[in-house]
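The structure appears below as structure tokens.
The values are calculated or read from the model by the stated rules, or taken from the named source; none is laboratory data. Note that this is a predicted model, so its numbers are computed, not measured. Glycine also receives a Cβ, built like all others from the backbone with ideal geometry; neighbour counts cover every protein chain displayed.
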């Protein structure tokens with residue numbers, strides 16, 4: 001039975017440690033983006049992150065900052081979490 005997230009099984013990230021895609025510095029972001037660049041589901045991954053407002057990590061070859069820019073360019077309001 002197929003699920004909505006079966007595409008994740010095809011991701012280039014499946015062969016790497018998850019923390020690779022949740023870097024703490026710019027160098028780590030670049031490493032993750034290079035892996036994503038070879039991924040057959042990069043577009044699906046990016047759209048998933050955008051649709052679900054995922055705000056941590058590199059998804060679909062885009063950092064948190066890059067995804068915020070994409071959403072802003074699309075005219076999508078980004079929810080603000082209050083404390």
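Could you say whether any residue in the stretch 52-73 is touching a residue at least 40 places away in the same chain (Cβ under 8 Å) and within 11 Å of the chain's Cα centre (by Cα)?
no
Kindly evaluate residue 34 against the criterion of being at pLDDT below 95 and farther than 19 Å from residue 5 by Cα.
no
Looking at the stretch 32-48 only, could you name the residues that are more than 11 Å from the chain's Cα centre (by Cα) and surrounded by fewer than 17 Cβ atoms within 10 Å (Cβ to Cβ)?
Result: 34, 37, 38, 40.
Can you report the number of residues in the stretch 1-24 which are assigned to a loop (DSSP other than H, G, I, E, B), free of Cβ contacts under 8 Å to residues at least 24 places away in the same chain and farther than 11 Å from residue 57 by Cα?
6
Going through the stretch 37-53 one residue at a time, which ones are outside any helix (DSSP H, G or I) and modelled with pLDDT of 95 or more?
Step one: list which residues in the stretch 37-53 are outside any helix (DSSP H, G or I), which gives 37-41, 52-53.
Within the stretch 37-53, 37, 38, 39, 40, 41 qualify.
Consider residue 57 carefully, then state whether it is touching a helix residue (DSSP H, G or I) at 6+ places or on another chain (Cβ under 6 Å) and surrounded by 14 or more Cβ atoms within 10 Å (Cβ to Cβ).
yes
What number of residues in the stretch 1-31 are closer than 17 Å to residue 69 by Cβ and either surrounded by 14 or more Cβ atoms within 10 Å (Cβ to Cβ) or touching a helix residue (DSSP H, G or I) at 6+ places or on another chain (Cβ under 6 Å) (or both)?
Summing the residues that are closer than 17 Å to residue 69 by Cβ and either surrounded by 14 or more Cβ atoms within 10 Å (Cβ to Cβ) or touching a helix residue (DSSP H, G or I) at 6+ places or on another chain (Cβ under 6 Å) (or both) in the stretch 1-31 gives 1.
Return the residues of the stretch 33-45 that are in contact (Cβ under 8 Å) with a residue 24 or more places away in the chain and over 10 Å from residue 12 (Cβ atoms); say none if nothing qualifies.
33, 44
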